[in-house]
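Student: Let me give you the structure first, and then I'll get to my questions.
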There are 2 protein chains.
Amino acid sequence: MPRHVPLTLDDFGSFAVGGRIVTVEGAEVRHVQLSTDLPTYRVDPNGTYHVEHAYVQYFVPHGGSGLPVVLVHGGGLTGACWETTPDDRPGWLHYFLHHGRTTFVVDGVERGRSGWCSLPGVWDEHTGPFLRSDQEAWDIFRIGPLDKFNDQETFPGSRFPIDHVENLARQQVPRWTTTQGLSVAALCELIRRVGPCVLIGHSQGGGIAAHAASTVPEQVAAVVLLEPHGLPPVEAFASVASLPQMVLAGDYLDQTEMYQHLAKTWHEYVAGLGAQGHHVTYATLPAMGITGNSHMLMMDDNSDQVAGLVATWLDEQVAPGSMY
Amino acid sequence: MPRHVPLTLDDFGSFAVGGRIVTVEGAEVRHVQLSTDLPTYRVDPNGTYHVEHAYVQYFVPHGGSGLPVVLVHGGGLTGACWETTPDDRPGWLHYFLHHGRTTFVVDGVERGRSGWCSLPGVWDEHTGPFLRSDQEAWDIFRIGPLDKFNDQETFPGSRFPIDHVENLARQQVPRWTTTQGLSVAALCELIRRVGPCVLIGHSQGGGIAAHAASTVPEQVAAVVLLEPHGLPPVEAFASVASLPQMVLAGDYLDQTEMYQHLAKTWHEYVAGLGAQGHHVTYATLPAMGITGNSHMLMMDDNSDQVAGLVATWLDEQVAPGSMY
């Protein structure tokens, strides 16, 4: 996509979905200095707090059609990962808007503009917050062999924009490992609000999207899972009429133990759903002749090509206006 | 502004500015369960981390003109506060885009999509993270008398969209009290990248904007401070040629001790800058015949009217194209 393509929006903005109210009682009053020019401010921590909601930013392209797209980011990231690639190209958000789809970008519970619950004792402090090091990102995002991190030597033929890897690092935020259920609940609320839609989830967001789809299947027309983890058991879809799902993966899956394991779970998931009669597709990009993709498919130098494959699959599954 | 006004954008997206790299050494390896379908993941916390940058979302309206606007949110909030009001009206971001201004929305360091530093010992754990209770928000945002919180009885004539106050609550995120310098540094980086621009800062963001303006005054054409705190001493502008600044405040300032004190600091700031020959304006909305505004001027039911006053003042200070 050229850098500057004018886009007319009928509307855009943001809202919060889901969450709950937590009440704090019996906590000690403290005094804090908010600014040098303010007297000490008396803070009474007792009271009510809104927590565990999700922030959603939406964009409605003028003259668009087709079901809305909901983009669900992966672990340690926020909705920003869909906006602009590390090397400053338009991200998948732009792709789907130019494709005419109203697009919702979620910040998962605990991430980004959703905020997180810093109240003592509400979230399990042993399971987060964790920030991801550059070395871990290099490994888990499949940019290159871990022992080549210091040399920044990627896997041969890698399409990740390695010269701008610091911009991926700066998209990372602290995460917990035990909040998946909270993100699923908020996503279900979003789906109920949006109505019929398609879900695209990446990595941890794939698991979250699949769980949400199994919870409110009547509103979900199709699900795209980009190298997902945390998937529900296929039994979750046993009573669902028919829900097309696509699992899409990049290159170098055989290079780490984790991805060897994950590829097996994707096979099993798709096979299990297929046995239930669901229309499912498992595709690796190399099997389609496209090599060099990392875990960050939406950031690699062929990100628009991969978005195009996803859009085509979605268009094939969902007849225009079929669920309106 | 009507709910749906099509807007054509030449470009939009996001990027990160500022920050630094922190190295962790000698930390213990741990094992975490990222998902039910993943083997235990070995996390080596040792390595490098990108922290203290700021996330910036930008929008370039088609056919726009005039200097870009940088919106700097207040304490405990994120850039989301400019997008959509709690009662789902277009926020100031929309106003300035329709006014033809390229607009940059910052998430301050530690907030929203900027993420925050969860590495032990890097940030002072005694100064945050603090989450704001509904009761504290009611008081500090000047929605109503604290003892009327339970009845949700606002100040008489309040323009705050009280029926949707929960959407303000859900925009709040944990904050520290000692990270102002980090946010100022990131904002200075943004200003250097953007070039000549005008700054609009709210509350803590007003102090941050004023500090940044005094650091890179050659790139800042004008500053609007909405009920600011944490302002620099006026001496910071002693060697600056001429920098128009406006302090704008709402109603009910006499209702709490904190705002009585703050109003005094605004008077002193403006008087001190005026004595240096700067073009400064101090305006309360009631003095202009507009009553009922809370601390959240950009969310009150006359938010577009207030934005209009700001835009008019900016247009008067900055001749179109004067700094290009």
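Student: Confirm whether A:Thr312 is away from every other protein chain (no Cβ under 14 Å), without any contact (Cβ under 8 Å) to a residue 24 or more places away in the chain and farther than 20 Å from A:Ala212 by Cβ.
Tutor: When the stated conditions are applied, A:Thr312 passes them.
Student: Quick check on this structure: which one of B:Asp315, B:Asp304 is closer than 27 Å to B:Arg89 by Cα and modelled with pLDDT under 95?
Tutor: So the residue among B:Asp315, B:Asp304 that is closer than 27 Å to B:Arg89 by Cα and modelled with pLDDT under 95 is B:Asp315.
Student: OK, next. Residues that are away from chain A (no Cβ under 14 Å), in contact with a strand residue (DSSP E or B) (Cβ under 9 Å, 6 or more places away or on another chain), surrounded by 15 or more Cβ atoms within 10 Å (Cβ to Cβ) and among the polar types (S, T, N, Q): does the stretch B:240-247 have at least one?
Tutor: So far as the stretch B:240-247 goes, yes, one or more of its residues are away from chain A (no Cβ under 14 Å), in contact with a strand residue (DSSP E or B) (Cβ under 9 Å, 6 or more places away or on another chain), surrounded by 15 or more Cβ atoms within 10 Å (Cβ to Cβ) and among the polar types (S, T, N, Q).
Student: Now for a separate question. Would you point out the residue of the stretch A:223-239, among those that are surrounded by fewer than 16 Cβ atoms within 10 Å (Cβ to Cβ) and assigned to a loop (DSSP other than H, G, I, E, B), that is nearest to the other protein chains (Cβ to nearest Cβ)?
Tutor: For the stretch A:223-239, the residue satisfying everything is A:Pro233.
Student: Continuing with the same structure: Give the stretch A:79-102 a look and list any residue that's part of a loop (DSSP other than H, G, I, E, B) and either more than 10 Å from chain B (Cβ to nearest Cβ) or at positive phi (or both), or say none.
Tutor: A:Asp87, A:Asp88, A:His99, A:Gly100, A:Arg101, A:Thr102 - these are the residues of the stretch A:79-102 that are part of a loop (DSSP other than H, G, I, E, B) and either more than 10 Å from chain B (Cβ to nearest Cβ) or at positive phi (or both).
Student: So for the stretch B:16-37 (the condition being touching a Leu at 6+ places or on another chain (Cβ under 9 Å) and under 30 Å from A:Leu7 (Cα atoms)), does at least one residue qualify?
Tutor: Yes; the residues of the stretch B:16-37 include at least one that is touching a Leu at 6+ places or on another chain (Cβ under 9 Å) and under 30 Å from A:Leu7 (Cα atoms).
Student: Moving to a separate point now. It is to be established whether one or more residues within the stretch A:207-217 are at pLDDT 95 or above, in a helix (DSSP H, G or I), away from chain B (no Cβ under 14 Å) and in contact with a strand residue (DSSP E or B) (Cβ under 6 Å, 6 or more places away or on another chain).
Tutor: yes
Student: Across the stretch A:62-73, what is the total count of residues that are in a loop (DSSP other than H, G, I, E, B) and at negative phi?
Tutor: Looking only at that region, the number is 6.
Student: How many residues are in contact (Cβ under 8 Å) with a residue 60 or more places away in the chain, more than 10 Å from chain B (Cβ to nearest Cβ) and either touching a helix residue (DSSP H, G or I) at 6+ places or on another chain (Cβ under 9 Å) or assigned to a loop (DSSP other than H, G, I, E, B) (or both) when one looks only at the stretch A:254-264?
Tutor: Summing the residues that are in contact (Cβ under 8 Å) with a residue 60 or more places away in the chain, more than 10 Å from chain B (Cβ to nearest Cβ) and either touching a helix residue (DSSP H, G or I) at 6+ places or on another chain (Cβ under 9 Å) or assigned to a loop (DSSP other than H, G, I, E, B) (or both) in the stretch A:254-264 gives 2.
Student: To continue, here is another question. In the stretch B:140-164, what count of residues is obtained for those that are within 11 Å of chain A (Cβ to nearest Cβ) and either buried (at least 23 other Cβ atoms within 10 Å of the Cβ) or in a loop (DSSP other than H, G, I, E, B) (or both)?
Tutor: 2
Student: Which one of these does B:Asn167 not meet: (1) free of Cβ contacts under 8 Å to residues at least 40 places away in the same chain; (2) within 7 Å of chain A (Cβ to nearest Cβ); (3) assigned to a helix (DSSP H, G or I)?
Tutor: Result: B:Asn167 fails condition (1) only.
Student: Of all residues being within 22 Å of the chain's Cα centre (by Cα) and surrounded by fewer than 18 Cβ atoms within 10 Å (Cβ to Cβ) in the stretch A:285-303, which is nearest to A:Pro217 (Cα to Cα)? Just the residue, please.
Tutor: A:Asn302
Student: Show me the strands (runs of 3 or more DSSP E) found entirely inside the stretch A:12-61 where at least 2 residues are within 7 Å of chain B (Cβ to nearest Cβ) and of a type in the set (Phe, Trp, Tyr).
Tutor: Answer list for the stretch A:12-61: A:47-61.
Student: Within the stretch A:225-243, is even one residue among the hydroxyl-bearing types (Ser, Thr, Tyr), closer than 24 Å to A:Gly75 by Cβ and in contact (Cβ under 8 Å) with a residue 24 or more places away in the chain?
Tutor: no
Student: Would you tally the residues in the stretch B:170-202 being more than 14 Å from chain A (Cβ to nearest Cβ), among the β-branched types (Val, Ile, Thr) and within 14 Å of the chain's Cα centre (by Cα)?
Tutor: 2
Student: Moving on to the next point. Looking for something among the aromatic types (Phe, Trp, Tyr) and over 30 Å from B:Gln33 (Cβ atoms) - is there at least one such residue anywhere in the stretch A:305-322?
Tutor: Yes - at least one qualifying residue is present in the stretch A:305-322.
Student: Taking interchain pairs and intrachain pairs at least six residues apart, which have beta carbon atoms under 6 angstrom, with the first residue in the stretch B:29-52 and of a type in the set (Lys, Arg) and the second at pLDDT below 95?
Tutor: Here the result reads B:Arg30/B:Val43; B:Arg42/B:His31, each pair linking the stretch B:29-52 to a residue that is at pLDDT below 95.
Student: Looking at the stretch A:11-45, which of its residues are farther than 17 Å from B:Arg132 by Cα, surrounded by 19 or more Cβ atoms within 10 Å (Cβ to Cβ) and not hydrophobic (A, V, I, L, M, F, W, C)?
Tutor: A:Gly13, A:Ser14, A:Gly18, A:Asp37
Student: Something else now. Scan the stretch B:96-127 residue by residue and report those that are of a type outside the set (A, V, I, L, M) and surrounded by fewer than 20 Cβ atoms within 10 Å (Cβ to Cβ).
Tutor: If the condition is that a residue be of a type outside the set (A, V, I, L, M) and surrounded by fewer than 20 Cβ atoms within 10 Å (Cβ to Cβ), then B:His98, B:Gly100, B:Ser118, B:Pro120, B:Gly121, B:Asp124, B:Glu125, B:His126, B:Thr127 are the ones that fit.
Student: Output the residue which, of all residues in the stretch B:103-133 that are part of a helix (DSSP H, G or I) and under 24 Å from B:Phe12 (Cα atoms), is farthest from the other protein chains (Cβ to nearest Cβ).
Tutor: Ranking the candidates gives B:Ser114 first.
Student: Here are some residues: A:Leu77, A:Leu71, A:Leu67, A:Leu93. Which one is aliphatic (A, V, I, L, M), surrounded by 21 or more Cβ atoms within 10 Å (Cβ to Cβ) and without any contact (Cβ under 8 Å) to a residue 60 or more places away in the chain?
Tutor: A:Leu93
Student: In this structure, does A:Gly76 turn out to be more than 10 Å from every other protein chain (Cβ to nearest Cβ) and not in a helix (DSSP H, G or I)?
Tutor: no
The values are calculated or read from the model by the stated rules, or taken from the named source; none is laboratory data. No experiment lies behind these values; they were computed from the predicted model shown. Here the Cβ is made from the backbone with ideal geometry for all residues, glycine too, and neighbour counts use every protein chain on show.
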